[in-house]
Amino acid sequence: MSTPRNALSDPRVVERPDQPYAGITERVTMRTINRIADRMPEIFGWLAERDVAPASAPFFRYHVIDMERELEVEVGVPVAVPIADDGPVRAGVLPAGKYVTLTHVGHPDQLVDVTARLLAWAAHQGLAFDVEESERGDRWGSRLEIWHTNPAEQPDPSKWETELAFRLA
């Protein structure tokens, strides 16, 4: 059975455990965000050189968001056990906690609208996120886009599956 184009799951709250990962962080704008996405192969190569297998799908972690100016974004790959920092690849841990999640199947350009739906749903439920205002923008404790589709295996972006997972306060 195939997944319909532009499918969207209902938001839900899930408990996630701590998850160690390897990542690279950069400051980008909405126009230059592909620059951080292009670093994902670097992490996979770094892991392969050290015989460390990915534990699950790669992700973007949004640390600071100011859509009009700058974002601090990390591209990361989960690993089974903690790693040591080495060069531009840094060790990290996605924090355990309750997360609001939903899954989108469709073009990544639609994620702004999908994110708005997740935020509106959470507000309607009276849920508060792990986020605080800072001089650089909204600083998130853990706001993820998890990329379940490998573009090398599925070149059609309308079939890409992306999970949003935002940690609650």
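Which residue pairs have Cβ atoms closer than 7 Å, lie 6 or more positions apart in sequence or on different chains, and pair a first residue in the range 20-42 that is open to solvent by 30 Å² or more (accessible area, probe 1.4 Å) and of a type outside the set (Asp, Glu) with a second residue that is modelled with pLDDT under 95 and not in a strand (DSSP E or B)?
30/67
Tell me the strands (runs of 3 or more DSSP E) entirely within the range 120-169 that contain at least 1 residues that are within 25 Å of residue 40 (Cα to Cα) and among the hydroxyl-bearing types (Ser, Thr, Tyr). Walk me through it before giving the result.
Numbers: elements: 131-134, 137-140, 143-147, 161-167.
Fully inside the range 120-169 and qualifying: 161-167.
Can you name the residue in the range 79-103 that is among the hydrophobic types (A, V, I, L, M, F, W, C) and part of a strand (DSSP E or B) and, of all such residues, is farthest from residue 126 (Cα to Cα)?
Narrowing the range 79-103 to residues among the hydrophobic types (A, V, I, L, M, F, W, C): 79-81, 83-84, 89, 91, 93-94, 96, 100, 102.
From what's left, part of a strand (DSSP E or B): 79, 89, 91, 93-94, 100, 102.
Details: 79: 33, 89: 37, 91: 34, 93: 27, 94: 24, 100: 12, 102: 17 Å.
Among them, the one singled out is 89.
Identify the residue in the range 54-70 that is assigned to a loop (DSSP other than H, G, I, E, B) and not charged (D, E, K, R) and, among all such residues, is most open to solvent (accessible area, probe 1.4 Å).
Here is the first cut: in the range 54-70, the ones assigned to a loop (DSSP other than H, G, I, E, B) are 55-58, 66-70.
Among the residues that remain, those that are also not charged (D, E, K, R) are: 55-58, 67.
On the way: 55: 55, 56: 63, 57: 22, 58: 20, 67: 94 Å².
Only one residue tops the list, namely 67.
Residues are listed down the side, and each one gets a yes or a no for (1) open to solvent by less than 50 Å² (accessible area, probe 1.4 Å); (2) under 19 Å from residue 139 (Cα atoms); (3) assigned to a helix (DSSP H, G or I):
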{"position": "52", "(1), (2), (3)": "yes, no, no"}
{"position": "72", "(1), (2), (3)": "yes, yes, no"}
{"position": "77", "(1), (2), (3)": "yes, no, no"}
{"position": "109", "(1), (2), (3)": "no, no, yes"}
{"position": "118", "(1), (2), (3)": "yes, yes, yes"}
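Quick one: what pairs do we get from the range 94-112, first residue under 28 Å from residue 81 (Cβ atoms), second β-branched (Val, Ile, Thr), C-beta under 8 Å, 6+ apart or different chains?
The qualifying pairs are 98/13; 98/14; 99/13; 99/14; 100/13; 101/13; 101/14; 103/162.
The values are calculated or read from the model by the stated rules, or taken from the named source; none is laboratory data. Because the structure is predicted, anything quoted here is derived from the model rather than measured. Note that each Cβ is placed from the backbone with ideal geometry, even for glycine, and that neighbours are counted across all protein chains shown. We work out accessible area using only protein heavy atoms, side chains counted, and drop any ligands, DNA or RNA first. Shrake-Rupley method; radii C 1.70, N 1.55, O 1.52, S 1.80 Å.
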